[in-house]
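Chemist: Next up is a structure, given as structure tokens.
The values are calculated or read from the model by the stated rules, or taken from the named source; none is laboratory data. The structure presented is a predicted model; accordingly, all values stated were derived computationally and were not measured. Cβ coordinates were reconstructed from backbone atoms using ideal geometry, including for glycine residues, and neighbour counts include every protein chain displayed. The accessibility values were calculated without ligands, DNA or RNA, using every heavy atom of the protein model including side chains. Shrake-Rupley method; radii C 1.70, N 1.55, O 1.52, S 1.80 Å.
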Amino acid sequence: MTFFPYLQGDFLMKEQLDALLESYMSKEGNLVSLLQDIQEEFGYIPEDVVVWFSKKLEIPSSRFYGVMTFYSQFHLKPRGRNIVTVCSGTACHVKGSEKILNGIRKELKLGGNDDTTADNLFTVEKVNCVGACSIAPVIMINKKVHGKSATDKTLKELKSLRSSQVGN
């Protein structure tokens, strides 16, 4: 049994990883680009793939993790098909974004540190600011901005999205 589940089965063929590796072997300082390519391929950055590249490129995995955790664009866990972003900036917070976030989490049955639904349909993220303070509170669903949001309005949008995608 191999330590690398992504190097076997129906996931990603070893040849694809080797081709990606080859494209980075001769380039110095392209760790961000490599991580972007890995995430593009998987939708997130699997730990076993990081370990594999770390060994092949002779770059400490701690360097990979330093970059991956510094930039918020990188995701270390699988994400849902739909991304729900809740702004928690001052204007949004004052206008009730925390209440909306709690309502979303309850509706999607997300407990504790869970941010992705069991069916991988939704991932909920809380961000510091989306830069749309004049229409607070702001919720983004798949990068579409919804201003002057309310819990019931947001939940209605999520239910509609779920019903249109279940079984697809």
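Chemist: Here are some conditions: (1) open to solvent by 30 Å² or more (accessible area, probe 1.4 Å); (2) of a type in the set (V, I, T); (3) part of a strand (DSSP E or B). T69 meets all but one. Which one does it not meet?
Modeler: Unmet condition: (3).
Chemist: So, one more: With a cut-off of at least 3 residues that are open to solvent by 20 Å² or more (accessible area, probe 1.4 Å) and within 19 Å of S72 (Cα to Cα), name the strands (runs of 3 or more DSSP E) lying wholly within region 86-162.
Modeler: 122-127
Chemist: Right, here's the next one. Taking into account only those residues within region 38-48 that are open to solvent by 20 Å² or more (accessible area, probe 1.4 Å) and at pLDDT 90 or above, which is farthest from F74 (Cα to Cα)?
Modeler: Per the criteria, the residue is E47.
Chemist: If you don't mind, another one. Return the residues of region 7-37 that are part of a loop (DSSP other than H, G, I, E, B), open to solvent by 40 Å² or more (accessible area, probe 1.4 Å) and modelled with pLDDT under 70; say none if nothing qualifies.
Modeler: Q8, G9, D10, F11, M13, S26, K27, E28, G29, listed by residue number.
Chemist: Let me spell it out: the conditions are (1) part of a loop (DSSP other than H, G, I, E, B); (2) more than 30 Å from S33 (Cβ to Cβ); (3) basic (K, R), and R79 meets all of them except one. Which number is the exception?
Modeler: (2)
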